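Report on the structure given below.
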Amino acid sequence: MKKYILSISIALVVGFFLAKTFLEQYDSYQGLHLTSNAGEMLYFIRYSTFPSMEEMEKNTLSLVNYIYKENNDSFDVYIGITGNYENLIKLSNYYSSLGYNTYTEEFLVTNETFLKELQNYDAIVAGTEDTVVLSSVSSQVLAKYEEYVNGSND
């Protein structure tokens, strides 16, 4: 009987210290780590950054279509998305011809449905110089981004 009490006591003490060590490691956990890069880096054409929603709405009245991203106390407005560098140059030149000063940013996008749609749109942009087509395709890409990525439709 004494053998069992001693064995159970030792098991409880060892179990206590193992649980304590495990919980301490859990508390010191620093965050998530990406285990997959199942996405693509895409080029986003930024129109401008505004300090408030009201300022953004007032200054984007002339834009046909845009998306925005809220960053702390500012709003970044994007007017184009592409996965192809040559298309980025073509779209940037198109927006420059309209008098817009644009900036390029890269973001990782993982939504597979949107990425497949974007490949089709990039093929259209690569094959045209027509400004009406560029405007239309750019608007459609932004709408699809809103639908699939921001709308969380998978």
Reported set for segment 101-111 where residues are more than 14 Å from LEU42 (Cβ to Cβ), in contact with a strand residue (DSSP E or B) (Cβ under 7 Å, 6 or more places away or on another chain) and surrounded by fewer than 17 Cβ atoms within 10 Å (Cβ to Cβ) is TYR103
Quick check on TYR68: is it in a strand (DSSP E or B) and either open to solvent by 80 Å² or more (accessible area, probe 1.4 Å) or modelled with pLDDT under 90 (or both)? yes
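If you check LEU91 against the conditions, is it at pLDDT below 90 and either under 13 Å from TYR47 (Cβ atoms) or in a strand (DSSP E or B) (or both)?
Details: at pLDDT below 90: no; either under 13 Å from TYR47 (Cβ atoms) or in a strand (DSSP E or B) (or both): yes.
No: the conditions fail for LEU91.
Condition check ((1) assigned to a helix (DSSP H, G or I); (2) of a type outside the set (A, V, I, L, M); (3) open to solvent by less than 40 Å² (accessible area, probe 1.4 Å)) across all residues:
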| position | (1), (2), (3) |
| --- | --- |
| THR113 | yes, yes, no |
| TYR121 | yes, yes, yes |
| ILE124 | yes, no, no |
| GLU129 | no, yes, no |
| LEU134 | yes, no, yes |
| GLU146 | yes, yes, no |
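The values are calculated or read from the model by the stated rules, or taken from the named source; none is laboratory data. Computed from a prediction, not measured in an experiment: that's the story for all the values here. No Cβ is skipped: glycine too gets one built from the backbone with ideal geometry, and neighbour counts run over all protein chains shown. All accessible areas refer to the heavy atoms of the entire protein, side chains included, with ligands and DNA or RNA removed. Shrake-Rupley method; radii C 1.70, N 1.55, O 1.52, S 1.80 Å.
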